[in-house]
1. When the residues of region 136-177 are narrowed to those that are in contact (Cβ under 8 Å) with a residue 60 or more places away in the chain and of a type in the set (Ser, Thr, Tyr), which ends up nearest to Gly232 (Cα to Cα)?
2. Take Gly224 and tell me if it is assigned to a strand (DSSP E or B), under 23 Å from Val314 (Cα atoms) and in contact with a Pro (Cβ under 9 Å, 6 or more places away or on another chain).
3. For the list (1) part of a strand (DSSP E or B); (2) farther than 22 Å from Ala131 by Cβ; (3) among the hydrophobic types (A, V, I, L, M, F, W, C), I need the number of the one condition that Val212 fails.
4. Being closer than 25 Å to Gln215 by Cα and either touching a helix residue (DSSP H, G or I) at 6+ places or on another chain (Cβ under 9 Å) or not acidic (Asp, Glu) (or both) narrows it down to one of Gly390, Gly351, so name that one.
5. Scanning for something over 22 Å from the mean Cα position of the chain (by Cα) and among the β-branched types (Val, Ile, Thr), does region 128-140 turn up at least one residue?
6. Of the numbered conditions (1) in contact with a His (Cβ under 9 Å, 6 or more places away or on another chain); (2) under 26 Å from Ala235 (Cβ atoms); (3) part of a strand (DSSP E or B), Phe180 fails exactly one; give the number of that condition.
7. Check off (1) in contact with a strand residue (DSSP E or B) (Cβ under 8 Å, 6 or more places away or on another chain); (2) buried (at least 16 other Cβ atoms within 10 Å of the Cβ); (3) of a type in the set (S, T, N, Q) for Asn345 and give me the number that stays unchecked.
8. If we keep just the residues of region 242-253 that are assigned to a strand (DSSP E or B) and in contact (Cβ under 8 Å) with a residue 40 or more places away in the chain, which is surrounded by the most Cβ atoms within 10 Å (Cβ to Cβ)?
Amino acid sequence: MPESSETTTLAGELFAPGVGAQAGPPTTPAAGTGSAGEAAPGAHSSGGPTPTGSPAERFTATDPEAFGDPTGREEDWRFTPMRRIRPLLQGAPSDAALEWDADLPDGVELTRVEAGDPLLKGLPEPADRLAALTRQRSGGAAVVRVPAEAQPDRPVTLRLTGTGGDDVVWGQLVVEVGAFAQVTVVLDHSGSARYSGGVSVLAGDGAHVRLVSVQDWAPGSVHGGQYDTVVGRDATVEQVVVTLGGDLVRLVSNVTYAGPGGTAELLGVYFADETQHQEHRLWVDHSVPHCRSNVLYKGALQGEQAHTVWVGDVRIRPAAVGTETYELNRNLVLTDGARADSVPNLEIETGEIVGAGHASATGRFDDEQLFYLCSRGIDAETARRLVVRGFFADVVQRIGVPELQERLMTSVEARLGALPGLADQPVEV
């Protein structure tokens, strides 16, 4: 990865004057709920709104010790298999690294800043101990910079490959997109690793950013990460998360708005096989007026002890008039022995909104769809494959990179080919 002594950033160009570099959630909870270092009561070090004392208030801090050592009884960790995540939570500082392969269009820069750089101090703060450890032990961050008004002719593609080993790999990536630029950034994770990574996307005013994150790890891999997105005035950010591989993947995605008129689309697909644990947690903080968010995650599970977790939290603060938001999670359980947990949460603190809602559904194959296909001469196994392919297709097509879309659907097909007892499951026609 290129090294650079240049520490100037696009922060001054990203957002309108007076808006600030980011508007993250409060870093100091209300009295009686904890403390973020030495901040005075009601203070907040990341430029976010003042805490209100709501039960939805989030605690954030850069010091890992401020969170304590998770036991699994905390709300943020109650679904996570602690024995499997311990190698990351107890991981020592290390020089281990993933192999990077970058495809950069003309005008896009990949560089590195060291710990203590002003850019890193302005990022949204970690929301749990693992994210704080990552920020502390990464020793800086890789930075992708897209200039204002740029429209690259192809996606920015970063392939991050694990090479094995027991040491934890600590990594931090910042994506800075200048005002009115339009870009797609693909993070493609593969190989074998114990990886704890942070990703921050700063979308300038009027920018349109699509971030695609693929977790296609080898068996036995463990991946924990915090994804932070700051949406500028009238900007649009699409985040597409695809989780297929690894023993345990736990991703926390946070969205904040730096000015009115912003839009965030959070999309995801995941497919858990036998013994895999895949956990996706989302937090959308509407703290400024006239912004929009839409969340759509779809998952499939098969095999004994396959476990998926989706937790979606949306908060509409008193100042966020004109907000429009909706979140939906759907899970398709393909075999016995698999478990899907889905927890949508919505807190509304103003009645002056366009609309807000959430929904969650978990079930087996749609009998009507299977009946329709089988009644037209399609065998039951092929019918089930078609149903699952269609289940994922509307999200996968939003990736916008045809070769990646085809690769992911091929991977889904391969998993269905190994579906235990598929042909033995009856269909009434």
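1. Ranking the qualifying residues of region 136-177, first place goes to Ser138.
2. Values: assigned to a strand (DSSP E or B): yes; under 23 Å from Val314 (Cα atoms): yes; in contact with a Pro (Cβ under 9 Å, 6 or more places away or on another chain): no.
Criteria not met by Gly224.
3. Looking at each condition in turn, Val212 falls short on (2).
4. After applying the criteria, what remains is Gly390.
5. Checking region 128-140: not a single residue is over 22 Å from the mean Cα position of the chain (by Cα) and among the β-branched types (Val, Ile, Thr).
6. The number of the failed condition is (3).
7. Condition (2) is where Asn345 drops out.
8. Initially, region 242-253 is screened for residues assigned to a strand (DSSP E or B), giving 242-243, 248-253.
In the following step, the residues that additionally are in contact (Cβ under 8 Å) with a residue 40 or more places away in the chain were identified as 242, 248, 250, 252.
Numbers: Val242: 25, Leu248: 24, Arg250: 27, Val252: 22.
Result: Arg250.
Read-outs throughout are calculated quantities, based only on the coordinates presented, and are distinct from any laboratory measurement. Here the structure is a predicted model, which is why all the values come from computation and not from measurement. Note that each Cβ is placed from the backbone with ideal geometry, even for glycine, and that neighbours are counted across all protein chains shown.
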